[in-house]
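Heads up: the structure comes next, in structure tokens.
The values are calculated or read from the model by the stated rules, or taken from the named source; none is laboratory data. Note that the structure is a prediction, hence the values are computed from the model and not measured. Virtual Cβ from ideal backbone geometry, glycine too; neighbours counted across all protein chains shown. The area values use the complete protein model at the heavy-atom level, side chains included, leaving out ligands, DNA and RNA. Shrake-Rupley method; radii C 1.70, N 1.55, O 1.52, S 1.80 Å.
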Amino acid sequence: MVDLGEWLLTGLLNHGNLLLGTTLFFAALGIPLPATMLLMAAGAFTQQGELSLQGALISASCGAIAGDGCSYLLGRFSLKLAPRRLLDSSGWLRANILFARWGGWSVFITRFLVTPVALPVNLLAGSTRYGWMRFMLAVVAGELIWVLLFGGLGRLFADQWETLSQLATDLGGVLLGIVLLAAGIRLVIVRRRR
């Protein structure tokens with residue numbers, strides 16, 4: 001049986017930028033798809049003349065940005081389903097305050113550096129009613145960096161994009177581990193102070 005990555009690569013060659021944009025859209029909604037790998041492959045394919053560079057940039061950016069916007073809206077509309085006692089809790093109020101202060105940076109950084117936590121950040125932004133325009137500004141800036149960085153690496157290292165893609169995936173996992181470790185240490189310090 002052909003694995004998902006191989007199927008997407010074949011689809012990228014056959015259906016081009018439509019498949020690229022659609023895959024990045026669904027990946028931003030939280031469906032576990034190899035988005036970074038596909039973006040690097042698209043960069044390599046533009047170097048080899050299989051895809052148009054402009055089309056790949058536009059479809060990748062639009063797909064990822066639209067997916068982030070939809071996941072924000074999912075978080076925003078989920079508030080209507082939340083129990084009132086949750087929304088009145090001190091923890092929820094603290095989350096609102098923290099996200100109002102650091103939300104823009106959180107959204108921006110999770111677009112290209114710590115991508116595994118991008119979906120929870122989107123949902124949190126929507127559910128805390130973080131401003132739509134501020135959210136989208138951070139999303140657009142971060143996603144453009146992600147597309148240019150990983151698509152550019154795929155284009156630059158067209159012959160070795162598969163190895164580079166695996167390295168990027170591994171590095172993303174290490175960064176997520178560091179973030180979780182730092183959050184855990186911070187939580188222990190805060191609890192000890194109390």
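Flag set for Leu86, criterion: out of contact with any strand residue (DSSP E or B) (no Cβ under 8 Å at 6 or more places or on another chain), among the hydrophobic types (A, V, I, L, M, F, W, C), modelled with pLDDT under 85 and open to solvent by 50 Å² or more (accessible area, probe 1.4 Å). Of all the listed residues (Leu8, Leu19), the sole one being under 19 Å from the mean Cα position of the chain (by Cα), more than 22 Å from Ile145 (Cβ to Cβ) and without any contact (Cβ under 8 Å) to a residue 24 or more places away in the chain is Leu19. For Gly49, the criteria (1) among the small types (Gly, Ala, Ser); (2) over 17 Å from Leu13 (Cβ atoms); (3) assigned to a loop (DSSP other than H, G, I, E, B) hold in every case but one, which is (2).
Considered as a group, the residues in the range 30-67 that are more than 18 Å from Leu149 (Cα to Cα) and modelled with pLDDT of 95 or more include one that is most open to solvent (accessible area, probe 1.4 Å), and that residue is Ala66.
Does Ser78 satisfy the criteria of being hydroxyl-bearing (Ser, Thr, Tyr), out of contact with any Leu (no Cβ under 9 Å at 6 or more places or on another chain), at pLDDT below 95 and loosely packed, with under 14 Cβ neighbours inside 10 Å? Spelling it out, it is not the case that Ser78 is hydroxyl-bearing (Ser, Thr, Tyr), out of contact with any Leu (no Cβ under 9 Å at 6 or more places or on another chain), at pLDDT below 95 and loosely packed, with under 14 Cβ neighbours inside 10 Å. Checking each residue in the range 99-133 for being touching a helix residue (DSSP H, G or I) at 6+ places or on another chain (Cβ under 6 Å) and basic (Lys, Arg) picks out only Arg111. Could you check, for the range 91-98, whether at least one of its residues is of a type in the set (Gly, Ala, Ser) and out of contact with any Phe, Trp or Tyr (no Cβ under 9 Å at 6 or more places or on another chain)? Checked the range 91-98: at least one residue is of a type in the set (Gly, Ala, Ser) and out of contact with any Phe, Trp or Tyr (no Cβ under 9 Å at 6 or more places or on another chain).
Looking at Phe77, Phe99, Phe135, just one residue is outside any loop (DSSP other than H, G, I, E, B), touching a residue at least 24 places away in the same chain (Cβ under 8 Å), of a type in the set (Phe, Trp, Tyr) and closer than 25 Å to Leu20 by Cβ, and that residue is Phe135.
Each residue in the range 7-20 was checked for being buried (at least 23 other Cβ atoms within 10 Å of the Cβ) and small (Gly, Ala, Ser), and 0 pass.
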